[in-house]
1. What tally of residues in region B:39-65 results from selecting those that are away from every other protein chain (no Cβ under 14 Å) and free of Cβ contacts under 8 Å to residues at least 40 places away in the same chain?
2. Applying the selection to region A:168-188, what residues are more than 14 Å from chain B (Cβ to nearest Cβ) and either within 23 Å of the chain's Cα centre (by Cα) or surrounded by 18 or more Cβ atoms within 10 Å (Cβ to Cβ) (or both)?
3. Can we say B:Ile88 is without any contact (Cβ under 8 Å) to a residue 24 or more places away in the chain, crowded, with 18+ Cβ neighbours inside 10 Å and not aromatic (Phe, Trp, Tyr)?
4. Name the helices (runs of 4 or more DSSP H) wholly inside region A:101-219 in which the number of residues that are among the charged types (D, E, K, R) is 3 or more.
5. Suppose we keep only residues that are out of contact with any helix residue (DSSP H, G or I) (no Cβ under 7 Å at 6 or more places or on another chain) and either more than 7 Å from chain A (Cβ to nearest Cβ) or in contact (Cβ under 8 Å) with a residue 40 or more places away in the chain (or both) within region B:139-151. Which one would you say is surrounded by the most Cβ atoms within 10 Å (Cβ to Cβ)?
6. Residues that are over 18 Å from the mean Cα position of the chain (by Cα), surrounded by fewer than 20 Cβ atoms within 10 Å (Cβ to Cβ) and among the charged types (D, E, K, R): does region B:63-83 have at least one?
7. Quickly run through region B:112-126 and pick out the residues that are β-branched (Val, Ile, Thr) and more than 7 Å from chain A (Cβ to nearest Cβ).
8. Residue check, B:Ser201 against (1) surrounded by fewer than 19 Cβ atoms within 10 Å (Cβ to Cβ); (2) at pLDDT 95 or above; (3) within 23 Å of B:Lys32 (Cα to Cα), all met but one. Which one?
Protein chains: 2
Amino acid sequence: MSFETYFPVWDKLNTCQKNRILDGLTARQVKKGTILHNGSMDCTGLLLVRSGQLRAFILSDEGREITIYRLFDRDLCLFSASCMVRSIQFEVTVEAEKDTELWLIPTEIYQSIMKESAPVANYTNELMASRFSDVMWLLEQIMWKSLDKRVAAFLLEESSINETSELKITHEAIANHLGSHREVITRMLHYFQNEKMVRLSRGTVTILNKEKLEALQDT
Amino acid sequence: MSFETYFPVWDKLNTCQKNRILDGLTARQVKKGTILHNGSMDCTGLLLVRSGQLRAFILSDEGREITIYRLFDRDLCLFSASCMVRSIQFEVTVEAEKDTELWLIPTEIYQSIMKESAPVANYTNELMASRFSDVMWLLEQIMWKSLDKRVAAFLLEESSINETSELKITHEAIANHLGSHREVITRMLHYFQNEKMVRLSRGTVTILNKEKLEALQDT
């Protein structure tokens, strides 16, 4: 499978545009935990995920984190090239959550094509709207949902992504996804354990009763 | 001042596109409090504010509100035409916060021009990025800032928009802007009053010590 089959609007580009992208492109393999972009760094470029998993999050001054969205195979990361759109006035950090293979498209090449091509500009619009929708969903969760429901939803999502009920994740990492504190998450997980929804051991949360977690999430 | 001087990328349109917009356009005057768009309604069209003030907010199932951004003279409201961009998967309500004059551009006309015109598509992108930045700012406020700072910031913003230190606003309305409860806001405002930052009377919050509110907001 080559780049052409991964890039979303490839067949809308003319030959010249295709060549500009292919000439500028670099393939990269990064290890889990690699920071690919952070808000204060220069404009890294667009990242197209071939395989693996990326996480975009924001950071408070005190170093607290909250995950705003995740990217999987075939997803294109726009905010690592945020200088491309003048009105993007916020900073996200992007890290590899698993070992990841990706392509890096230089910002100036994508930007120059977007300026001249309505299909590429409209595609970029859809991409931004899709990330915007993720953040609006998150905002609604934070505003209207209590933390027990958010933790339940997070465990179920992790289990679905990794196709296992035995999650290798620390309480600290869960807190960082949800913008909470480790102590608060630990207390919540112990409550879940007392209710026989999960079993806790060092570095592992095992889901014992998926139905009960789902019921909690949906209330 | 005519529509042409208000529409942001007018000089990037060709004659045919200009005529399509002018033919489809309607001017409207709405009273303060009018709901111009709500999430479940059909795609209203793009709203271009001539004068006045609009507020976009989200609603919880229980009827709680939180303001996500405001629109002033010359601003274009995209989310009242959200059907235009398939990936917009969230619902906002738009109401007139003051008596407002505006133009309504039918969705299908703007959309058809956006599909063929790279400048209009790129402008739409900037617009979306700008609203996205507003929501990211809000998310950071909610996540990392305590409510006293958010109330202080809100009072200062209201005072700046209306160019007065005597704000005609109820505790309920402040709660709806900030996604909080009236009782919580009332308690906070009484604390501000004890600290001599504001004076409360029926339907009015008067700012007495702007510097102290600013200092609180910035800590």
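The values are calculated or read from the model by the stated rules, or taken from the named source; none is laboratory data. Quick caveat: nothing in here was measured; it's all calculated off a predicted structure. Cβ coordinates were reconstructed from backbone atoms using ideal geometry, including for glycine residues, and neighbour counts include every protein chain displayed.
1. Adding up the residues that qualify gives 1.
2. A:Lys168, A:Ile169, A:Thr170, A:His171, A:Glu172, A:Ala173, A:Ile174, A:Arg182, A:Ile185, A:Met188
3. yes
4. In region A:101-219, A:107-116, A:118-144, A:147-162, A:182-194, A:210-218 are the helices (runs of 4 or more DSSP H) which contain 3 or more residues that are among the charged types (D, E, K, R).
5. Only one residue tops the list, namely B:Lys145.
6. No, every residue in region B:63-83 fails to be over 18 Å from the mean Cα position of the chain (by Cα), surrounded by fewer than 20 Cβ atoms within 10 Å (Cβ to Cβ) and among the charged types (D, E, K, R).
7. Result: B:Ile113, B:Val120.
8. It fails just one condition, (2).
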